[in-house]
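Reading through the structure tokens given below for one structure.
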């Protein structure tokens, strides 16, 4: 699967660990930056990730910042993105199975790398259930459904 990953300066180390885990699992990974811990603005990177999800360059995305909240908000400004901020595997699995989330957001200051990998593993291995959930997901992009 083609995965895009990005962060702000607070999550550089977590991004590197998750990128390596994804590659080890056989995924094609595009690292959208940044490369250093110099201060950056998370919306810039959230928008960049959202654009590669929207245009189909990547099938799923991983967005990281200090809390996971700000970058999730930025990603969700794009109507093609369904980004869920999670801190444990059950939420990551439910985001996929019930909400067809295509981006996961996590906070490097809130969870460690091991928990982030567990969340990412749940996110990557869970399928969307469709059925009754499809109607609700459709309403996320088109409220008149």
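Nothing in this text is a laboratory measurement; each read-out follows from the coordinates by a stated rule. Just so you know, these numbers come straight off a predicted model, no measurement behind them. Ideal geometry is used to build each Cβ from the backbone, glycine not excepted, and the neighbour counts take in all protein chains shown.
Classify segment 1-64 from the C-alpha gyration tensor, please: rounded if a/c falls under 1.5, else prolate or oblate depending on whether a/b exceeds b/c.
oblate
Compare the peptides 33-39, 1-7 by average per-residue count of other Cβ atoms within 10 angstrom and give them in order, highest first.
With the highest mean Cβ count within 10 Å placed first, the list reads 1-7, 33-39.
Taking the Cα atoms only, what angle lies between the long axis of helix 132-141 and the longest principal axis of the chain, rounded to 10 degrees?
It is inclined by approximately 70 degrees.
Round to the nearest 10 and give me the degree value, 0 to 90, for the angle of helix 12-24's Cα axis relative to the longest principal axis of the chain.
Taking Cα atoms only, the helix is inclined about 60 degrees.
Round to a whole angstrom and tell me the spacing of the C-alpha centers of segment 70-104 and segment 1-40.
Their Cα centres are 17 Å away from one another.
Divide by every residue of the chain the summed helix terms, -39500 (n - 2.57) for each DSSP H run of at least 4, and state the resulting mean residue ellipticity at 222 nm, rounded to the nearest 500 deg cm²/dmol.
Details: 6 runs with 67 residues, N = 145.
Calculated from helices alone, the mean residue ellipticity at 222 nm is -14000 deg cm²/dmol.
Calculate, in nm to one decimal, what residue 39 and residue 57 gain on full extension: separation in residues at 0.36 nm each, minus their alpha carbon distance. Walk me through the numbers before you get to the answer.
Working: separation 18, 0.36 × 18 = 6.48 nm, distance 2.67 nm.
Full-extension gain reported as 3.8 nm.
Tilt of helix 89-99 relative to the longest C-alpha principal axis of the chain, in degrees (0 to 90, nearest 10)?
Compared with the principal axis, the helix lies near 40 degrees.
Averaging sequence separations of C-alpha pairs under 8 Å and six or more residues apart, then dividing by the length of segment 2-141, give the relative contact order as a whole percent.
Taking the mean separation of contacting Cα pairs over the length of segment 2-141, I get 24 percent.
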